[in-house]
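**Student:** Take this structure, written in structure tokens, and hold onto it; I'll ask about it next.
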Amino acid sequence: VTLWGARVSPAFTVFFICCYVSYGWVKGIHSAVFSLFVGIPRCHAYKDANWQELARNPQLQSPILERTFGPQGPVYKPGRAPLSVETTIQSSVDGAVKQGLTAKFESVVHVCVIPTYKEPLGTLRKTISTLHAQSCAKDKLIVCLATESRDHEAPEKVQALMAEYGDGLLGFFATTHVLAPGEAVGKSSNTAWAVRCVKHTLVDVWGFLPEEIMLTVCDADTYFDPQFMDCLAYHHAQDPTPYNTTYQAVECFFPNIWAVPIVVRIKAVIDSVGYLGQLASPFSHPFPFAIYSQSLRTAVECGYWDVDIIPEDWHHFLKCWFRRDGNFRVIPVFLLMGNDAIEDENWFAANKARYTQAKRHAWGAIDLAYIVCQYVDRSDRVPFRKVYKLFAHAAEHHISWTLYWITVMLGSLVSAWVNPELETFPFGIGLRKLAMLCFLPMMFATTMFMIGDFYIRMFLLHDRRHFEANVAPIWWQLLSQIQWLLMPLADLFFGSMAGLDAQLHMAFQPTMKYEVSTKVAKEGVGSRLGGGRGSSLGGGGPGMGDPRDTGGVKGTSAAAGGLYHSIVQQKSGYHAHSQSTLADSQAQAQGANQGGI
């Protein structure tokens with residue numbers, strides 16, 4: 001439009017550029033307003049709530065918004081009979097039917113899958129320490145560290161982490177993923193294998209029901225709120241359609257925000273505050289991002305994670321969406337989860353690593369073709385209206401973040417160069433000045449982002465472990481707000497350039513290589529290894545049993561120490577290792593080739 005439109009129809013060019021510029025600040029103000037006036041109050045309420053008490057006393061009013069679960073609202077409300085869509089779970093222990101908020105809440109067992117490849121031990125320690133600190137860790141939380149066979153240091157790290165944190169969890173498993181032919185290197189293929197192993201061990205061998213298992217998939221540098229697992233179980237018990245849902249926590253990049261280059265910091269703040277606004281707004285269509293949860297039953301029925309793609313969070317959501325014929329959604333959980341912003345040994349390396357991460361995120365544009373192909377296959381079951389809405393939201397994300405900077409910064413300049421008439425058209429001021437006037441409301445959006453940034457760091461994250469969001473002196477935090485002048489530069493490098501780079505690469509050479517984001521290992525409080533018990537994992541390691549073996553789990557470890565106390569109590573007759581791998585590499589290759597477990 002900026003090139004040929006300037007000559008063919010100057011009026012249309014002016015209209016298009018001004019509308020597109022205005023679209024940017026409308027989206028910015030929308031995200032900022034809902035972040036400040038809906039998201040932040042919800043985060044406060046969620047943080048202050050006692051989720052175990054809410055689940056055990058259904059007469060208490062929860063802080064969940066009525067619209068969170070759709071038009072019907074939550075299943076259980078004080079003073080009202082349960083909705084007719086109430087789901088029940090038959091206990092795998094005694095066969096009793098679990099009905100009611102409290103019973104369903106207590107029946108949930110959490111499995112947190114952490115895909116990792118060459119992550120520093122200090123980073124993994126911090127992540128698992130926040131899981132170890134969960135209010136239900138000893139009774140309901142199993143950690144599954146999903147490693148890669150290419151990471152030769154992984155067994156030693158697993159051994160150290162099991163010895164340090166194992167006794168405070170219901171279970172601590174490790175899987176080793178061997179890349180099979182046709183698989184893409186990355187989080188998706190690793191997660192697919194780990195979840196198959198979890199299903200085999202917990203369901204096929206130990207006899208749990210898939211409905212009892214709640215999966216949470218996260219990055220290796222994720223710092224959880226202490227009540228997250230209980231809050232997640234409460235949402236799952238309240239959900240009218242619990243197996244048609246992915247639950248999404250509020251992700252932010254504040255843990256090391258003052259340790260990263262200024263341009264990386266600006267982008268991290270925009271992404272953090274903006275994503276909270278998307279989750280809080282009823283007008284947005286949020287997609288899962290990095291930290292998300294769903295029932296094991298959902299994962300199994302929808303065919304697990306695909307192994308030949310890289311951007312796994314969006315893709316897995318879309319796969320579930322089509323497998324459920326469009327009846328699938330994201331439900332927000334307003335608890336702040338921290339991920340480290342990209343940090344490296346020097347300024348240049350950190351910016352380069354952030355660019356690589358942005359390019360990897362932009363590879364998600366390949367899912368636009370996936371949506372079209374899936375609709376062609378399921379057009380008789382999925383309404384076109386739903387698919388069009390889904391495609392429009394996905395396309396808006398991947399196209400707008402690539403083209404917006406170019407249109408705003410260069411559109412009017414190029415158009416005026418192509419057609420000098422636009423130097424004075426319209427209104428005698430010209431397109432360039434008019435575009436600048438249209439952009440002015442973005443200053444208001446930026447101001448609200450600044451306020452949201454300060455408030456979240458000062459009042460919501462001030463007491464969280466491993467968050468260094470306020471280590472800088474207050475005078476420096478105020479003075480450094482001049483950093484927002486560099487926002488166009490951040491959008492150029494980590495938005496437009498990274499997006500165009502990825503999309504052009506996909507167009508001309510559709511092969512993608514997963515590059516792990518750089519992390520600088522830092523020891524958190526209490527993270528030093530304290531002589532915990534545990535034996536070596538070795539090459540063949542003690543196993544939880546080959547997934548091909550249905551005879552149960554054999555053997556014990558000297559480091560058991562009550563690690564599986566609740567499983568042993570609830571599942572008399574089943575015996576578990578406190579240190580083990582869920583499967584060996586040969587079983588992985590066979591399972592992948594045969595379609596999994």
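The values are calculated or read from the model by the stated rules, or taken from the named source; none is laboratory data. This is a predicted model, so every value here is computed, not measured. Every residue, glycine as well, gets a Cβ built from its backbone with ideal geometry; the counts of neighbours run over all protein chains shown. The protein model used for the area step is the full one, side chains on, heavy atoms only, and it has no ligands, DNA or RNA in it. Shrake-Rupley method; radii C 1.70, N 1.55, O 1.52, S 1.80 Å.
**Student:** Going from most exposed to least, what order do 409, 450, 337 have by accessible area with a 1.4 Å probe?
**Tutor:** 409, 450, 337
**Student:** Rounded, prolate or oblate, given the Cα gyration tensor of the stretch 1-133, with a/c below 1.5 counting as rounded?
**Tutor:** Taking the square roots of the gyration eigenvalues as a ≥ b ≥ c, the stretch 1-133 is prolate.
**Student:** Moving on. For the charge dipole of the stretch 118-247, defined by +1 on Lys and Arg C-beta atoms and -1 on Asp and Glu C-beta atoms about the Cα centroid, which residue among 135, 195, 246 has the Cα displaced farthest towards the positive pole?
**Tutor:** Of the candidates, 195 comes out farthest on the positive side.
**Student:** Under a cut-off of 16 Å between alpha-carbon atoms, report the aspartates and glutamates in cross-link reach of residue 319, not counting same-chain residues fewer than 8 places apart.
**Tutor:** 301, 306, 308, 367, 377
**Student:** Now, a different point. Please compute the contact order of the stretch 232-368 in relative form: average sequence separation of alpha-carbon pairs under 8 Å and at least six residues apart, divided by the residue count, as a percent.
**Tutor:** 39 percent.
**Student:** Something else: What's the extension gain from residue 463 to residue 153 if we count 0.36 nm per residue and subtract their Cα-Cα distance?
**Tutor:** 108.3 nm
**Student:** Also: Pop a pseudo-label 7 angstrom from the Cα along the beta-carbon direction at both residue 388 and residue 444 and give the gap in nm to one decimal.
**Tutor:** It is 3.1 nm.
**Student:** Right, next: At 1.4 Å probe size, what's the solvent-accessible area of residue 87? Round to the nearest 10 Å².
**Tutor:** Per-residue accessible area (residue 87): approximately 30 Å².
**Student:** Apply the a/c threshold of 1.5 to the C-alpha gyration tensor of the stretch 351-473 and tell me whether it is rounded, prolate or oblate.
**Tutor:** Cα axes put the stretch 351-473 in the oblate bin.
**Student:** How would 403, 131 line up by accessible area, probe 1.4 Å, largest first?
**Tutor:** Highest to lowest solvent-accessible surface, that is 403, 131.
**Student:** Roughly how far apart, in whole Å, are the Cα centres of the stretch 321-390 and the stretch 129-204?
**Tutor:** 24 Å
**Student:** Expressed in whole Å with the largest first, what are the equivalent ellipsoid semi-axes of the stretch 123-257 derived from the C-alpha gyration tensor as the square root of 5 times each eigenvalue?
**Tutor:** Computed over the stretch 123-257, the values are 23, 20, 17 Å.
**Student:** How much accessible area per residue does the stretch 73-232 have, counting only protein heavy atoms and a probe of 1.4 Å, in square angstrom?
**Tutor:** Per residue, the stretch 73-232 has an accessible area of 28 Å².
**Student:** So, one more: Please work out how much accessible surface residue 199 shows to a 1.4 Å probe, ignoring ligands, DNA and RNA, in Å² rounded to 10.
**Tutor:** Roughly 40 Å² of residue 199 is accessible to a 1.4 Å probe.
**Student:** For the stretch 1-56 and the stretch 436-452, what is the centre-to-centre distance using only Cα atoms, to the nearest Å?
**Tutor:** Spelled out, the Cα-based centre of one part sits 11 Å from the other.
**Student:** Now for a different question. Give the residue list of trypsin sites (Lys or Arg not before Pro) in the stretch 368-399 that are DSSP loop and have at most 15 other beta-carbon atoms within 10 angstrom.
**Tutor:** For trypsin sites (Lys or Arg not before Pro) across the stretch 368-399 that sit outside H, G, I, E and B with at most 15 neighbouring Cβ atoms in 10 Å, the list reads 381.
**Student:** How would 324, 465 rank on accessible area, largest to smallest, probe 1.4 Å?
**Tutor:** So the residues, ranked largest to smallest area, are 465, 324.
**Student:** Which shape class, rounded, prolate or oblate, goes with the stretch 101-196 when its Cα gyration tensor gives a ≥ b ≥ c as root eigenvalues, a/c under 1.5 marks rounded, and past that a/b bigger than b/c marks prolate?
**Tutor:** Cα axes put the stretch 101-196 in the oblate bin.
**Student:** With labels modelled as points extended 7 Å from the Cα through the Cβ direction, what inter-label distance (nm, one decimal) is found for residue 67 paired with residue 492?
**Tutor:** Modelled inter-label distance: 3.8 nm.
**Student:** Kirkwood-based Rg over Rh for the stretch 357-405 (C-alpha set), two decimals?
**Tutor:** Here Rg/Rh amounts to 1.06.
**Student:** In Å and whole numbers, how far do the C-alpha atoms of the stretch 225-291 stretch along each principal axis, longest first?
**Tutor:** Principal-axis extents of the Cα atoms in the stretch 225-291, largest first: 44, 30, 15 Å.
**Student:** In this model, which of 140/187; 187/359; 104/389 are farther than 27 Å apart at the alpha-carbon?
**Tutor:** Pairs exceeding the cut-off: 104/389.
**Student:** What is the Cα radius of gyration of the stretch 1-54 over 2.2 N^0.38 Å, N being its residue count?
**Tutor:** 2.12
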